[in-house]
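Computed from the coordinates by the stated procedures, all read-outs in this text should not be read as laboratory data. All of these numbers come straight from a predicted model, not from anything done at the bench. Neighbour counts run over all protein chains shown; Cβ positions are idealised from the backbone, glycine included.
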Amino acid sequence: MREIERLKEEILKDYPKMTKDSPFSFACHPGVPCFNACCADVNIFLTPYDILRLKKNLGMTSEEFLSKHTVSPFDKNSRYPVILLAMNEDEKKSCPFVDESGCTVYEDRPWACRMYPLGMGSQKDAGDGTESDFYFLLKEDVCKGHNEKNQQTVAEWLENQGITEYDKMGYYFKELTLHEFFSKPENLTAKKIEMFFTACYNLDKFRKFVFESTFFDKFEVDDGTKERIKNDDGELLKFSYFWLRFALFGEKTIKVKEEVLEAKQKELDKKKQAGV
Ligand code: SF4
Ligand code: SF4
């Protein structure tokens, strides 16, 4: 985490900040001399939506994808459990999805791959303390795409790379992980880590938890929502964030059924009377 804070400070100090209207010259295509050079030995953090798209592309279950293609370097310094794309164990540490023709999962490549060479940061406004996003351009020696004449604005790049859709899904995840709950490491018990991991990253397991347990006996979920989360993985993922906000932060994002609350109350009263 200290490393991340250091990087953040460096970016704020050294990289010119860009808005969505800022223009920059860049193009990446099979004709650039460095084609595929960046698809090796790189740390790519995967968002829950990245995992959903990739495992679908590869026809894998969440479990298979997580065990074959990811590592989770979670330790006591991490704010919340994160997932990284595992590189091959060859000399170059190539991405498992690159071949001579380029990215073999291009339609569903992760958010970070779509963004490159743009980076994104957020900064607190000195006046009212609100956070605002900004962009910056990463210029690495290996990347010759900056010599290409193609000019576009940041907004055009985001649109062309299909990032808008990823950002919509990413919004809920960002809101979740920015919660102050995660600022106290003692809040993350082993059970809560498991809960977070399942709901965010192992969507197939979360689906089973919702549809193959007593979930609907305990919680009020209307038929329209049931239908949506049954047929649409993106909707299920959004629902998993509501579930986590309920289960981790105690927010009223999911409603407990009246009869369940009453039964719980009776149980508590009984215990009180028995002096337990
Ligand atoms: S997912 Fe695709 S674009 Fe991203 S590093 Fe791997 S091969 Fe390259
Ligand atoms: S190094 Fe830059 S130009 Fe070369 S393939 Fe990667 S993103 Fe494209």
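If R0 equals 51 Å, the separation of the Cβ atoms of D141 and E220 corresponds to a calculated FRET efficiency of about 0.35. Distance distribution P(r), the stretch 187-260, all Cα-Cα pairs, bin width 10 angstrom from 0: 19, 55, 24, 1 percent. Please give the Cα centre distance for the stretch 85-144 versus the stretch 231-248, rounded to the nearest Å. The distance from the Cα centre of the stretch 85-144 to that of the stretch 231-248 comes to 26 Å. Counting every other Cβ atom within 10 Å of each residue's Cβ, V71, V98 order from fewest to most as V71, V98. Helix content alone sets the calculated 222 nm mean residue ellipticity of the chain: runs of n ≥ 4 DSSP H residues at -39500 (n - 2.57) each, divided across all residues, give -13500 deg cm²/dmol. Taking other Cβ atoms within 10 Å as a rough exposure proxy, S101, S25 sort from fewest to most as S101, S25.
With neighbours defined as other Cβ atoms within 10 Å of a residue's Cβ, the residues S78, S67, S62 order from fewest to most as S67, S78, S62.
Scaling the Cα radius of gyration of the chain by the globular reference 2.2 N^0.38 Å produces a ratio of 1.18. Neighbours of S94, meaning other residues whose beta-carbon lies under 14 angstrom from its beta-carbon, give a summed charge of -4 when Lys and Arg score +1 and Asp and Glu score -1.
In plain terms, if you count all Cα to Cα distances in the stretch 1-143 and split them into 5 Å steps from zero, the share in each step is 2, 8, 14, 19, 19, 17, 13, 6, 2, 1, 0 percent. Number of Lys-Lys pairs in the stretch 1-126 with C-alpha atoms under 16 Å apart and a separation of 8 or more places or on different chains: 7.
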